[in-house]
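See below for the structure under consideration.
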Amino acid sequence: MHSTMKHILTLALSLVGASALAADDLTIEITGNDQMQYDKKALEAVAGQEVTIKLKHIGKLPKAAMGHNVVILKPGTPLPAFAMKCAPAAATDYIPQDAESKAAIVAQTKMIGGGESTSVTFTAPEPGAYPYLCTFPGHFGLMQGVLTVKAK
Ligand code: CU
């Protein structure tokens with residue numbers, strides 16, 4: 001086959017693939033407030049789905065006082081132990097940088113303050129129960145939930 005034709009065919013096939021994926025895209029909106037609360041404690045996705053989590057801080061307090069993020073962890077990650085490693089990591093917006101913690105993170109948003117929004121896009125991993133939390137010190141007790149990924 002002529003190489004240009006082959007290239008066009010490959011391009012056409014990848015476009016078909018992209019639009020098929022787009023139909024499966026999922027956007028989840030979640031808010032955090034000045035009372036240290038998410039509005040959702042249970043999220044759902046399907047394995048392989050492209051998931052965008054939009055976090056909106058609907059409070060007024062600044063990031064330094066009431067910062068919020070969403071950090072999704074691998075199934076079985078113990079939240080208290082993970083949160084303990086987040087607390088001293090102020091320089092990295094309370095995301096621990098040790099190898100074990102980094103390996104436990106599936107997806108994470110930025111840390112934001114009142115009135116701000118952020119988002120993260122990732123591919124939903126294999127089926128399972130993925131705990132998520134806000135890693136700002138002292139928040140995970142209230143600000144936690146579970147992303148349930150179902151089989152396709
Ligand atoms: Cu928070």
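For region 108-149, which positions are buried (at least 22 other Cβ atoms within 10 Å of the Cβ) and of a type in the set (Gly, Ala, Ser)?
Within region 108-149, just ALA124 meets the criteria.
Just to be sure I understand the filter: pairs with C-beta atoms under 7 Å, separated by 6 or more residues or on different chains, first member in region 81-103 and surrounded by 11 or more Cβ atoms within 10 Å (Cβ to Cβ), second member assigned to a helix (DSSP H, G or I) and not polar (S, T, N, Q). Which pairs pass?
PHE82/ALA104; TYR94/CYS86; ILE95/CYS86; PRO96/LYS85; PRO96/CYS86; SER101/PHE82; SER101/LYS85
Restricting region 23-34 to residues that are in contact (Cβ under 8 Å) with a residue 24 or more places away in the chain and surrounded by fewer than 17 Cβ atoms within 10 Å (Cβ to Cβ), which is farthest from GLY141 (Cα to Cα)?
Of everything passing the filter in region 23-34, ASP24 is farthest from GLY141 (Cα to Cα).
Can you pull out the residues in region 95-152 that are assigned to a strand (DSSP E or B) and aromatic (Phe, Trp, Tyr)?
So the first thing to find is which residues in region 95-152 are assigned to a strand (DSSP E or B), and the list is 105-108, 112, 117-123, 128-133, 144-150.
Answer for region 95-152, where residues must be assigned to a strand (DSSP E or B) and aromatic (Phe, Trp, Tyr): PHE122, TYR130, TYR132.
Specify which of the listed residues (LEU55, LEU73, LEU61) is more than 18 Å from the chain's Cα centre (by Cα), within 16 Å of the ligand (Cβ to nearest atom) and modelled with pLDDT of 95 or more. Working first, answer last.
Working: LEU55 fails: more than 18 Å from the chain's Cα centre (by Cα); LEU73 fails: more than 18 Å from the chain's Cα centre (by Cα).
Result: LEU61 is the single residue among LEU55, LEU73, LEU61 that is more than 18 Å from the chain's Cα centre (by Cα), within 16 Å of the ligand (Cβ to nearest atom) and modelled with pLDDT of 95 or more.
If you check every pair at least six apart or on different chains, which have Cβ atoms under 9 Å apart with a residue in region 36-63 that is among the polar types (S, T, N, Q) first and a residue that is part of a loop (DSSP other than H, G, I, E, B) and within 16 Å of the ligand (Cβ to nearest atom) second?
Every condition considered, the pairs that remain are GLN37/LEU142; GLN37/MET143.
The values are calculated or read from the model by the stated rules, or taken from the named source; none is laboratory data. Values in this document were obtained by computation on a predicted structure and should not be read as measured data. FYI the Cβ positions are ideal-geometry reconstructions off the backbone, even for glycines, and counts take in every protein chain you see.
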